[in-house]
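Trainee: Below are the structure tokens for one structure; questions will follow.
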Amino acid sequence: MSFYTISIHQLALYAHHGVFAEEKVLGQRFLLDITLRVNATDALIDDDIVRSVSYAHVIEETKTAFTAQSYNMIETAADRLASHLLSRFDKARSVSVTVHKPSAPIAAQFDSISASIEKFREGPPA
């Protein structure tokens, strides 16, 4: 069995996640890193995208799921997105999501605050 990864780096989405009321009302820009580990055996034999996972579809599903609901914690947003992607793409064996929050309302100098999660369809690989 063969596997490959699809990685999407720094997908910019506007959403309303955060603890503070202003974050929920005004929203802010988030950057997402997404990696799917995909069972590639059938798709690679035939060079057939239908038997694989389209990164364009991953981006569309991500946009829909990440902006559909407001969460207090970016950890929860990452968790729900990873679960959603696993449920939508049956060829994906695992999904990892990192949510970067460049404008977190903290009095400090930083590029971004981030939270990451990795979910597996059938437990972590050996």
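The values are calculated or read from the model by the stated rules, or taken from the named source; none is laboratory data. Bear in mind that the values here come from a model prediction, so they are computed numbers and not experimental data. Here the Cβ positions follow ideal geometry from the backbone for every residue, glycine too, while neighbour counts run over all protein chains shown. To get the accessible areas, we keep the full protein, side chains included, count just its heavy atoms, and leave off ligands, DNA and RNA. Shrake-Rupley method; radii C 1.70, N 1.55, O 1.52, S 1.80 Å.
Trainee: Of everything in the stretch 9-38, what is touching a helix residue (DSSP H, G or I) at 6+ places or on another chain (Cβ under 7 Å), open to solvent by 20 Å² or more (accessible area, probe 1.4 Å) and more than 12 Å from Thr67 (Cα to Cα)? Give them in sequence order.
Mentor: Going residue by residue through the stretch 9-38, those that are touching a helix residue (DSSP H, G or I) at 6+ places or on another chain (Cβ under 7 Å) are 11, 13, 15-18, 32, 34, 36.
Going one step further and asking which of them are open to solvent by 20 Å² or more (accessible area, probe 1.4 Å), we end up with 11, 16.
Listed by number, the list holds a single entry, Leu11.
Trainee: Limited to the stretch 50-87, what total is found for residues that are farther than 30 Å from Val19 by Cα, touching a helix residue (DSSP H, G or I) at 6+ places or on another chain (Cβ under 7 Å) and of a type outside the set (Lys, Arg)?
Mentor: Adding up the residues that qualify gives 1.
Trainee: Moving on to the next point. Could you go through the stretch 40-60 and let me know if any residue there is under 13 Å from the mean Cα position of the chain (by Cα), touching a residue at least 12 places away in the same chain (Cβ under 8 Å), outside any strand (DSSP E or B) and crowded, with 16+ Cβ neighbours inside 10 Å.
Mentor: The answer is yes, given that some residue of the stretch 40-60 is under 13 Å from the mean Cα position of the chain (by Cα), touching a residue at least 12 places away in the same chain (Cβ under 8 Å), outside any strand (DSSP E or B) and crowded, with 16+ Cβ neighbours inside 10 Å.
Trainee: Among (1) open to solvent by 20 Å² or more (accessible area, probe 1.4 Å); (2) β-branched (Val, Ile, Thr); (3) part of a helix (DSSP H, G or I); (4) over 28 Å from Pro105 (Cα atoms), which single condition is Thr64 missing?
Mentor: It fails just one condition, (4).
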